[in-house]
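Here's the structure we're looking at; comments come further down.
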Amino acid sequence: MVDLNVMAYEHLQAARESERGRDAGLVVHDGELRQTIIALCEGTILPEHNSPPAGSIQVLVGRIRVELDGDTQSEIREGELWPLTHERHAVLALEDAAFLLTTVTGVGRDSYS
């Protein structure tokens with residue numbers, strides 16, 4: 001059994017101690033399903049990247065913003081679940097945050113770019 005709250009705070013603490021202001025850890029990897037906790041310190045950005053064929057973000061702690069070409073697509077707060085965009089996007093931590101990224105990969109479709 002995995003305690004997501006404990007993992008979120010552990011990764012957030014590691015992000016605070018990291019020069020890059022971020023930390024991540026794989027929670028579940030079962031075939032095409034992957035779940036990863038990602039922690040970002042306030043102001044840290046995950047640069048623009050491709051989107052998997054399917055996925056979601058669930059914010060466990062804090063608040064993040066998903067951006068497309070520098071424009072806000074969605075602001076996601078603690079406790080909220082958001083389906084991933086199918087376009088290249090970036091993620092910015094509006095405050096110290098940890099989120100569960102759930103993706104489905106390798107289903108015969110390329111990632112969205």
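Out of Ser56, Ser51, Ser74, report the one residue that is without any contact (Cβ under 8 Å) to a residue 24 or more places away in the chain, farther than 16 Å from Leu12 by Cα and surrounded by fewer than 19 Cβ atoms within 10 Å (Cβ to Cβ).
Answer to the check: Ser74.
Find the residue count for region 7-33, including only residues that are over 12 Å from the mean Cα position of the chain (by Cα) and in a strand (DSSP E or B).
Residues that pass the stated criteria total 5.
Assuming Cys41 fulfils every condition listed in (1) of a type outside the set (A, V, I, L, M); (2) touching a residue at least 60 places away in the same chain (Cβ under 8 Å); (3) farther than 26 Å from Gly106 by Cα; (4) buried (at least 16 other Cβ atoms within 10 Å of the Cβ) apart from one, which condition is it?
(2)
May I ask you to verify whether Val59 is at pLDDT below 95 and closer than 14 Å to Glu95 by Cα?
Considered against the rule, which asks whether it is at pLDDT below 95 and closer than 14 Å to Glu95 by Cα, Val59 comes out as no.
Within the set of pairs 6 or more residues apart or between chains, which connect a residue that is under 14 Å from Ala98 (Cα atoms) and without any contact (Cβ under 8 Å) to a residue 60 or more places away in the chain inside region 12-31 to a residue that is part of a helix (DSSP H, G or I) and basic (Lys, Arg) with Cβ atoms less than 6 Å apart?
Close Cβ pairs (under 6 Å, with a partner that is part of a helix (DSSP H, G or I) and basic (Lys, Arg)) do not exist here.
Please count how many residues of region 1-50 are closer than 17 Å to Val61 by Cβ and of a type outside the set (Val, Ile, Thr).
So the count comes out to 27.
Please determine whether any residue of region 19-30 is in contact with a Lys or Arg (Cβ under 8 Å, 6 or more places away or on another chain), surrounded by 14 or more Cβ atoms within 10 Å (Cβ to Cβ), of a type in the set (Gly, Ala, Ser) and modelled with pLDDT of 95 or more.
There is no residue in region 19-30 that is in contact with a Lys or Arg (Cβ under 8 Å, 6 or more places away or on another chain), surrounded by 14 or more Cβ atoms within 10 Å (Cβ to Cβ), of a type in the set (Gly, Ala, Ser) and modelled with pLDDT of 95 or more.
Can you tell which of Arg34, Arg65, Arg88 is basic (Lys, Arg), modelled with pLDDT under 90 and out of contact with any Phe, Trp or Tyr (no Cβ under 7 Å at 6 or more places or on another chain)?
Arg88
The values are calculated or read from the model by the stated rules, or taken from the named source; none is laboratory data. Values in this document were obtained by computation on a predicted structure and should not be read as measured data. Cβ: placed from backbone, ideal geometry, glycine included. Neighbour counts: every protein chain shown.
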